[in-house]
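Contents: one structure, followed by commentary.
The values are calculated or read from the model by the stated rules, or taken from the named source; none is laboratory data. A quick note: this is a predicted structure, and the numbers were derived from the prediction, not measured. Ideal geometry is used to build each Cβ from the backbone, glycine not excepted, and the neighbour counts take in all protein chains shown. Only protein heavy atoms, including side chains, enter the accessible area calculation; ligands, DNA and RNA are left aside. Shrake-Rupley method; radii C 1.70, N 1.55, O 1.52, S 1.80 Å.
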Amino acid sequence: MKYYKKAAALAASLLICMAAAAPALSSFAENESTAEESAVSEVSDSDEEAEEKVAGDFKYTVDSDGNAHLTDCDSGEAEIVIPEEFDDAKVTEIEAEAFMNVHPEKIIIPAGIEYISAENPFAPCMSIKEIAVDKDNENYCAVDGILYSKDMKKLLLYPNKKEGNSFRVPDGVEEIGIAAISETELTEITLPDSLSVINRHAFSFNASLKSIDMSNTSVEYVDAMTFVNCAALSEVIFSDSTTSIGLGAFLDCESLEGVTLPPYLVEVMQSAFMGTALKEIQIPSSVISIGYNAFGYDADEKAIEDFLIIGDSGSAAQKYATDKDDEYDYQNNFEFMTTEAFEAEKEYQAMNPIVSGDYEYSIQGDEAMLLACVSMDDTIEVPEEIDGYKITSIYRNAFVSVEASKIILPDTVEIIGESAFSDKLQSLTISANCKEITGDEPFIYCAELKEINVSEGGNGEFSSENGVLYNKYKTVLIAYPHQKSDKTFNPPATVTELKKSSFCYNTYLEEVDLSNVVKIGSYSFEACSALKSVKLSEDLNFVGNGAFVGCTSMKSIRIFDNVETIGEYAFGYDYDEELAAEIQKNSQEEMTEDLPAPFSVMDGFKIYAEEGTLAFEYAKDCGIEIVSNTVSIGKKNIDKNFLYVIVGTLIVLVLGAAGIFTGKKISAKRREKKKSATKNKTAGKNDSTKEESEK
């Protein structure tokens, strides 16, 4: 047998769990191998027991205190009364195998019984209808023929032949004992809010039980074999408190077709759901351990064809889908689907897709939602109507499978779903009436996109300019296409915000002027490898995570004083995708090797910021070179002290030049005055001579 070792290990585990339970339970081990019997014998071996004595139909031992322990009963009576004492030894305990070989309808427990084995000695009694307890017993009581602890906090036995097909466990019961409600004729069992412990085999072999609701309980552990062989069980509702599902807990529950696992579940043990009708299972991300055969195997330990495992990428669920163990010679090969993909597929199918030509659509009242397109055309112009229904919305991923380089949406479209377009798209025209584009990064996968245009007119919420997408009023830049080839970009002066990943992966841009932008979203310029120069606004106050990560050509940035938020890895970091993939792989394989973070500070990168500002502290914390006490002039950052010297020198030169000029001017005035005086004097002499001559 291919799975011999695995089967042997499972059987041994089950036998260990069952110990002294009912014949119906122990029959599970029939025809098992010598290796399994050896495993059981090793478990059942114990220290040398006290001498067993006989008293009528009973056998007993006497402990060191002189009290009798009932060890066996061989009575053929329908009603068995446990004696108060044997040969003056008070009967105080009932051991695990005391009723292994009898089938009474009623058992009466005397007042002196202080302890009944936790292994449930009454479980083998396949015909029992009633348990009675002396009213003076201080440890146990019976209510309506059902055995409880005296305080009614633990239910020890619901007689398997008790009349009725429904049972409500009383409020206040906190624990259900081993095989306590096993192999009954019940179809319905109601559990109280007070319940916190369910022991192994508690509800096993209830062939008619159809459902169990544990949602209002605080049960943390669904113990081994708890519901084994509940053949009619088709509905299980777990408590949110449940963190562990034990070995074979739902083994051979052949009617169980679907189950929602609890949200904080941590482990699912071996064969927990083996032999059920499950065809798929969605496993929470909280699960860190899944035993072999836990899901996807029939009662004969054969893998169920096309069994689907649903879970988070890199989780224990994904690992289990291809898990293997050479020692036990098994290899899982189940289909795996991420939770997101599974939910998307379920939602898609719920829309009842209708095929019409190259399109699939869903009727939404009097309108249509376009679900998918399979056109082979290079240019796709979506019609306004399909089969008489106006197309008003585009479902997410609707065009991911097409290779068209150009798509034109009609003016009727008002809503565009997340990641609607493929990585082959180069040109997109959006309706002027479009009011919503869902998702934070709607064009993140459009690697070849060169332009996004919004048609004229309409009353939508979007606009475009030169192939760049904005909101209606051009205050928010939404998407700058990956393949737009301009080297410089100056957004309209109205733009004050850049959305998440708005410029990411563009490898052409070298220079961007953000003089009016006050908010830069996360990953806005991620992997813009050609970007060298960015002019930030003095009013900038928010920079998101990884805003400029991977901008390897940018060697410096000036950040002003008004910034209030700078996200992780916003400036000066590169990202190593290969290292990130290796880290993720190590995480999936649970390797312990220490690896550096995939983010690293770029060599030679500088931040120009003033001491005491957030930008200064960011650079200091990240180990990025800081240059302070500078001022930006044009594209240059000038040291203020140097600038002061230059300015002082210029002032001196200017003043000196002004002094020289003034001095020269004064000298010129003096010369002019002297010249004028000389001229006047000469003129005076000439006049005197002339007067004398005339005389």
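Just to be sure, is Asp144 in contact with a Pro (Cβ under 9 Å, 6 or more places away or on another chain), without any contact (Cβ under 8 Å) to a residue 60 or more places away in the chain and charged (D, E, K, R)?
Working: in contact with a Pro (Cβ under 9 Å, 6 or more places away or on another chain): no; without any contact (Cβ under 8 Å) to a residue 60 or more places away in the chain: yes; charged (D, E, K, R): yes.
No.
Tell me which residues, restricted to the range 309-333, are over 17 Å from Ser286 (Cβ atoms), in contact with a helix residue (DSSP H, G or I) (Cβ under 8 Å, 6 or more places away or on another chain) and open to solvent by less than 20 Å² (accessible area, probe 1.4 Å).
Tyr330, Asn332
So, of the residues in the range 136-159 that are part of a strand (DSSP E or B) and among the small types (Gly, Ala, Ser), which turns out to be most open to solvent (accessible area, probe 1.4 Å)? Before you say what the answer is, go through the steps one by one.
So the first thing to find is which residues in the range 136-159 are part of a strand (DSSP E or B), and the list is 140-143, 146-149, 154-157.
Still in the running and among the small types (Gly, Ala, Ser): 142, 149.
Working: Ala142: 39, Ser149: 20 Å².
Here the residue is Ala142.
Conditions tested, residue by residue: (1) in a loop (DSSP other than H, G, I, E, B); (2) touching a strand residue (DSSP E or B) at 6+ places or on another chain (Cβ under 6 Å); (3) under 18 Å from Glu418 (Cα atoms); (4) among the polar types (S, T, N, Q).
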residue	(1), (2), (3), (4)
Ile452	no, yes, yes, no
Asn459	yes, no, no, yes
Ser463	no, yes, no, yes
Leu469	no, yes, yes, no
Ala527	yes, no, no, no
Cys551	yes, no, no, no
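Filter the range 160-182 for residues that are out of contact with any strand residue (DSSP E or B) (no Cβ under 6 Å at 6 or more places or on another chain) and crowded, with 23+ Cβ neighbours inside 10 Å and give the result. Outline the logic, then answer.
The first filter runs over the range 160-182 and keeps only residues out of contact with any strand residue (DSSP E or B) (no Cβ under 6 Å at 6 or more places or on another chain), leaving 160-165, 169-172, 174, 178-179, 181-182.
Listed by number, the residues that qualify are Asn160, Ile178, Ala179, Ile181, Ser182.
Answer yes or no as to whether Ile281 is farther than 26 Å from Leu209 by Cβ, modelled with pLDDT of 95 or more and in a strand (DSSP E or B).
Details: farther than 26 Å from Leu209 by Cβ: no; modelled with pLDDT of 95 or more: yes; in a strand (DSSP E or B): yes.
The answer is no for Ile281.
Give the residues of the range 529-546 that are of a type in the set (S, T, N, Q), part of a loop (DSSP other than H, G, I, E, B) and closer than 21 Å to Pro492 by Cβ, sorted by residue number. Break it down into steps so the answer makes sense when it comes.
Within the range 529-546, the subset of a type in the set (S, T, N, Q) is 529, 533, 537, 541, 545.
Checking the rest, the ones that are also part of a loop (DSSP other than H, G, I, E, B) come to 529, 537, 541, 545.
Within the range 529-546, Ser537, Asn541 qualify.
For Val259, indicate whether it is in contact (Cβ under 8 Å) with a residue 24 or more places away in the chain and hydrophobic (A, V, I, L, M, F, W, C). Explain how you work it out, then say what you get.
Values: in contact (Cβ under 8 Å) with a residue 24 or more places away in the chain: no; hydrophobic (A, V, I, L, M, F, W, C): yes.
Criteria not met by Val259.
Can you tell me how many residues in the range 473-511 are farther than 17 Å from Met554 by Cα and among the aromatic types (Phe, Trp, Tyr)?
Within the range 473-511, residues that are farther than 17 Å from Met554 by Cα and among the aromatic types (Phe, Trp, Tyr) number 2.
From the list Val454, Val468, Val402, exactly one residue is open to solvent by less than 40 Å² (accessible area, probe 1.4 Å) and within 18 Å of Glu497 (Cα to Cα). Which is it? First the steps, then the outcome.
On the way: Val454 fails: within 18 Å of Glu497 (Cα to Cα); Val402 fails: within 18 Å of Glu497 (Cα to Cα).
Matching residue, one of Val454, Val468, Val402: Val468.
State the number of residues belonging to the range 234-284 that are of a type outside the set (Gly, Ala, Ser) and over 27 Å from the mean Cα position of the chain (by Cα).
Here is the first cut: in the range 234-284, the residues of a type outside the set (Gly, Ala, Ser) are 235-238, 240, 242-243, 245, 247, 250-254, 256-257, 259-270, 273-274, 276, 278-284.
This time we only want the ones that are over 27 Å from the mean Cα position of the chain (by Cα), so: 251-254, 276.
Summing the residues that are of a type outside the set (Gly, Ala, Ser) and over 27 Å from the mean Cα position of the chain (by Cα) in the range 234-284 gives 5.
Residue under question is Phe336, and the condition is that it be among the aromatic types (Phe, Trp, Tyr), buried (at least 17 other Cβ atoms within 10 Å of the Cβ) and in contact with a strand residue (DSSP E or B) (Cβ under 6 Å, 6 or more places away or on another chain); does it hold? It would help to see each step written out before you state the result.
On the way: among the aromatic types (Phe, Trp, Tyr): yes; buried (at least 17 other Cβ atoms within 10 Å of the Cβ): yes; in contact with a strand residue (DSSP E or B) (Cβ under 6 Å, 6 or more places away or on another chain): yes.
The answer is yes for Phe336.
Regarding Asn206, is this residue polar (S, T, N, Q), modelled with pLDDT of 95 or more and over 30 Å from Glu84 (Cα atoms)?
So Asn206 passes the test.
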